[in-house]
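Asker: Mind having a look at this structure? Questions to follow.
The values are calculated or read from the model by the stated rules, or taken from the named source; none is laboratory data. Being a predicted model, the structure only gives us computed values, none of them experimental. Every residue, glycine as well, gets a Cβ built from its backbone with ideal geometry; the counts of neighbours run over all protein chains shown.
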Amino acid sequence: MSDDTPSTSVPDKGKAPLDGIRVLEFAGIGPAPYAGMLLADLGADVLRIDRPERASLFPVMNAPIERGRRSLILDLKEPAAVETVLRIIEKADVLIEGFRPGVMERLGLGPDVALGRAPRLIYGRMTGFGQDGPLALSAGHDLTYLALTGLLHAMGPGWRQPVVPLNVAGDMGGGGAFLVIGVLAALIERERSGKGQVIDAAILDGAVSQLAIILGLRAGGLWDRPRGENFLDGGAPFYRTYKCADGKFVAVAALEPKFFAALIKGLGLDPWEHLPAQLDRAQWPILHAEFEGIFAKKPRDEWAALFDGADACVVPVLDFDEAAAHPHNIARATFMEVDGALHPPPAPRFSRSELKALAAVAPGEGGEAALKDWGVSR
């Protein structure tokens, strides 16, 4: 084999990227636990502090969002428990918490105290509205935060109220994922400065960050119509879903001219006879009606087979079970099954580092062993 012949061997898998990083997580719901899951998936040693009789919004056994930790039950109203936490902080690289502003300070575990005990600590704070501002202390959930970003107003057809989305753009994407971005960036910066710092991660901020392309289109005059009449909100006939003969749906995302041409060909239409131009907004209702009528003539899977490999960006809209059974997702192991339930596997994928999804534990399980491993005495 010559030197320039590419190797086809699978590279040896090494340790996970965050192997050796210790994370102290305070139990909560939503975005902070999601950040804990991501950090655990990336190889961090995550110890969760659970409250006695911890309540769970979703009492699911082996829930994916709670995987990969060990748990220690402590009543943080007790001074001895707070002192134990401070000893743990001295051994930790990262702390993440999802309480309202001021709660950790009242517990005696605020950033000033924590960084006083551990100057290299990365102190991650996850809230909806941020650590300051008029709404900082207000209650809220994913929908609340999205409503104040403009994002919620832009979702759904114009003839009805805004559509309530899943909590992926706010809690998970704008919240937990951005907290992890902050933690990773702070860990890298610590290598230069030798100092820890506090991360103020707000779902509101992260959600607005994800609007970068939409705000860019708006500034360029390309997002100037009411909800449901723009390019990426279902207004364009070549970027929306269509109902098929069996009541199921296909997703059409033929934005570029070459994909639009493939869409027209797959639908059996002649673009030179009567179809309006793709970007003629005044004629979009005509294209809508044309496409709706054609897609309604065949079942979803027949359309999926017809467009398979056609580069028209037309695919079936799958439910969760169908998605797990899709050939591409099977080939890449995009879903995994644990105790008969679908779980997301760790992501992203690395060429050398190996990621493993460890099982969720019950409150209090593994905590004492974690203290021993970390060299902490009560």
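Asker: For the stretch 84-110, which residues satisfy the criterion of being within 29 Å of the chain's Cα centre (by Cα), surrounded by fewer than 19 Cβ atoms within 10 Å (Cβ to Cβ) and among the hydrophobic types (A, V, I, L, M, F, W, C)?
Answerer: Hits for the stretch 84-110 are PHE99, VAL103.
Asker: Does ARG125 fit the bill of being surrounded by 17 or more Cβ atoms within 10 Å (Cβ to Cβ), at pLDDT 95 or above, of a type in the set (Lys, Arg) and in the same structural domain as ALA40 (by TED's automatic domain parsing)?
Answerer: When the stated conditions are applied, ARG125 passes them.
Asker: Now for a different question. Check ASP132, ASP93 and return the single one that is under 17 Å from GLU25 (Cα atoms) and not hydroxyl-bearing (Ser, Thr, Tyr).
Answerer: Testing whether each residue is under 17 Å from GLU25 (Cα atoms) and not hydroxyl-bearing (Ser, Thr, Tyr) leaves just ASP93.
Asker: Within the set of pairs 6 or more residues apart or between chains, which connect a residue that is at positive phi inside the stretch 33-50 to a residue that is among the charged types (D, E, K, R) with Cβ atoms less than 9 Å apart?
Answerer: GLY43/LYS15; GLY43/ASP19; GLY43/GLU354; GLY43/LYS356
Asker: Which one is nearest to GLU322 (Cα to Cα), of the residues in the stretch 237-249 that are of a type in the set (A, V, I, L, M, F, W, C) and in contact with a strand residue (DSSP E or B) (Cβ under 9 Å, 6 or more places away or on another chain)?
Answerer: Applying the filter and picking the extreme gives PHE249.
Asker: Can you give me the number of residues within the stretch 320-339 that are assigned to a loop (DSSP other than H, G, I, E, B), over 16 Å from ASP308 (Cα atoms) and free of Cβ contacts under 8 Å to residues at least 60 places away in the same chain?
Answerer: Matching residues across the stretch 320-339 total 4.
Asker: Still on this structure, I have one more. Within the stretch 65-76, does at least one residue satisfy the condition of being modelled with pLDDT of 95 or more, more than 30 Å from GLY14 (Cα to Cα), of a type outside the set (D, E, K, R) and crowded, with 20+ Cβ neighbours inside 10 Å?
Answerer: yes
Asker: From the list ALA154, ALA118, ALA169, which one is in contact (Cβ under 8 Å) with a residue 40 or more places away in the chain, in contact with a Lys or Arg (Cβ under 7 Å, 6 or more places away or on another chain) and aliphatic (A, V, I, L, M)?
Answerer: ALA154
Asker: Under 6 Å between Cβ atoms, at least 6 apart or on separate chains: pull out the pairs that start in the stretch 342-361 with a residue that is touching a residue at least 24 places away in the same chain (Cβ under 8 Å) and in the same structural domain as VAL46 (by TED's automatic domain parsing) and end on any residue that is part of a strand (DSSP E or B) and among the hydroxyl-bearing types (Ser, Thr, Tyr).
Answerer: Taking only residues 6 or more apart or on different chains, the pairs are VAL361/SER71.
Asker: Return the residues of the stretch 250-299 that are in contact with a strand residue (DSSP E or B) (Cβ under 6 Å, 6 or more places away or on another chain) and either basic (Lys, Arg) or loosely packed, with under 13 Cβ neighbours inside 10 Å (or both); say none if nothing qualifies.
Answerer: none
Asker: Show me the helices (runs of 4 or more DSSP H) entirely contained within the stretch 175-254 in which 2 or more residues are among the basic types (Lys, Arg) and either under 30 Å from ASP19 (Cα atoms) or in the same structural domain as ALA282 (by TED's automatic domain parsing) (or both).
Answerer: Qualifying helices (runs of 4 or more DSSP H): 178-193.
Asker: Which ranges mark the helices (runs of 4 or more DSSP H) fully within the stretch 72-157 that have 2 or more residues being more than 25 Å from TRP374 (Cα to Cα) and out of contact with any Leu (no Cβ under 6 Å at 6 or more places or on another chain)?
Answerer: Per the criteria, 103-106, 142-147.
Asker: Further question: Take the stretch 263-280 and flag every residue that is touching a residue at least 12 places away in the same chain (Cβ under 8 Å) and in a helix (DSSP H, G or I).
Answerer: Matches in the stretch 263-280: LEU263, LYS265, GLY266.
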